[in-house]
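Only one structure is covered here, and it is reproduced in the block below.
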Amino acid sequence: MRDYFPLRPLALLAFLTGAACTDGGKPTPPVAEDASRAPAPFPCAHFEQLQGFLPQSVEGLPRTRDAGSTGRYGDVSVSEAERSFMLGEEREVKVRIVDTSLSRKLGQAILAAANGAQSRALNDPTAPIFWKDKEAVGFVRYDAANGLAEASLLVGNRYVVAVSSRGFPGTVEVRRVARGLDLAALARLDRPTGNAGVQ
């Protein structure tokens, strides 16, 4: 299924995670490690842990697709879980949660975009998101010509959550779906302490 309105700050990550989705959401095999040294612990939550924070339903839209992957690509580790809801070809909502060793750089980009939009009025569809109770901050984009909206959130200074919609007026739907996620619990999800490789 085609991705709509991808995040600019996540361009590299989108490439990596797009390549990581294999075999219907099964874990990607780990990169071979040098046998002469102990492997480093895998720093990301497994995609199955992230799936627990995706919405079970979106009002008015059937659930159409689940995807997930966990893998290491050179020095970059990535886990992602995604769920799509779609009604015909007219309306779609997609939610993606990503945990990556690149989270610090991605977080800086999201914070910069949110802070840069702070002067926008609260009724502006692209006003930033600052939810202290959910430990989330983010920015929202809207393409009125194509009916595309996306909320990009940094949760707990670690997880990247993207909620995108197609076929809805404004950004009300992405904000509503994002607000309905248990982001506070996601922010508390601990990093794994197990051994190396893909969990």
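The values are calculated or read from the model by the stated rules, or taken from the named source; none is laboratory data. None of the values given here were measured: they were computed from a predicted structure. Keep in mind that these areas ignore ligands, DNA and RNA; they rest on the heavy atoms of the full protein, side chains included. Shrake-Rupley method; radii C 1.70, N 1.55, O 1.52, S 1.80 Å.
Structure values in brief
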quantity	calculated
Extension gain, Lys132 back to Ala112 (0.36 nm per residue minus Cα-Cα distance, nm)	5.5 nm
Cα-Cα P(r), the range 98-189, percent of pairs per 5 Å interval	3, 15, 26, 25, 19, 9, 3, 0
The range 44-115: projected area of the alpha-carbon convex hull, averaged over directions, in nm²	6.2 nm²
Chain lengthening between Lys105 and Ala144 when straightened (0.36 nm per residue, less Cα-Cα)	11.1 nm
Protein-only accessible surface order, largest first, of Lys132, Lys105, Lys94 at 1.4 Å	Lys132, Lys105, Lys94
